[in-house]
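Engineer: Structure incoming, see below.
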Amino acid sequence: MTLCNEIKKLLVDYDITLTQLARVIAEKKDKHYTIQNLSQKLRNNTLNANEIDIIMDVLNCRIIFYPKDI
């Protein structure tokens, strides 16, 4: 499962709409950010690291990297 699919699942679990999320991203990035833009990025799996960081903050989650051999 891709990171974007995981994010979509978490949005449903936390009852957060794409509209709400797009609004928060726009505020944090201090630039125009539409639901269409967010939806396309989720569909194409093209979110950048800053956007992912904002989304994880909204969801009160974190991504943990660890070696494959663990």
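Engineer: Test K28 against the criterion of being in contact with a helix residue (DSSP H, G or I) (Cβ under 9 Å, 6 or more places away or on another chain) and open to solvent by less than 60 Å² (accessible area, probe 1.4 Å), and give yes or no. It would help to see each step written out before you state the result.
Structural biologist: Details: in contact with a helix residue (DSSP H, G or I) (Cβ under 9 Å, 6 or more places away or on another chain): yes; open to solvent by less than 60 Å² (accessible area, probe 1.4 Å): no.
Considered against the rule, which asks whether it is in contact with a helix residue (DSSP H, G or I) (Cβ under 9 Å, 6 or more places away or on another chain) and open to solvent by less than 60 Å² (accessible area, probe 1.4 Å), K28 comes out as no.
Engineer: Is there any pair linking a residue in the range 54-65 that is under 14 Å from V12 (Cα atoms) to one that is open to solvent by 50 Å² or more (accessible area, probe 1.4 Å) and not charged (D, E, K, R), with Cβ under 6 Å and at least six apart or on different chains, and which?
Structural biologist: L59/Y14
The values are calculated or read from the model by the stated rules, or taken from the named source; none is laboratory data. Small disclaimer: the values here were computed from a predicted structure and weren't measured. So basically every Cβ, Gly included, is an ideal-geometry build from the backbone, and we count neighbours across all protein chains shown. What goes into the accessible areas is simple: the full protein's heavy atoms, side chains included, and nothing from ligands, DNA or RNA. Shrake-Rupley method; radii C 1.70, N 1.55, O 1.52, S 1.80 Å.
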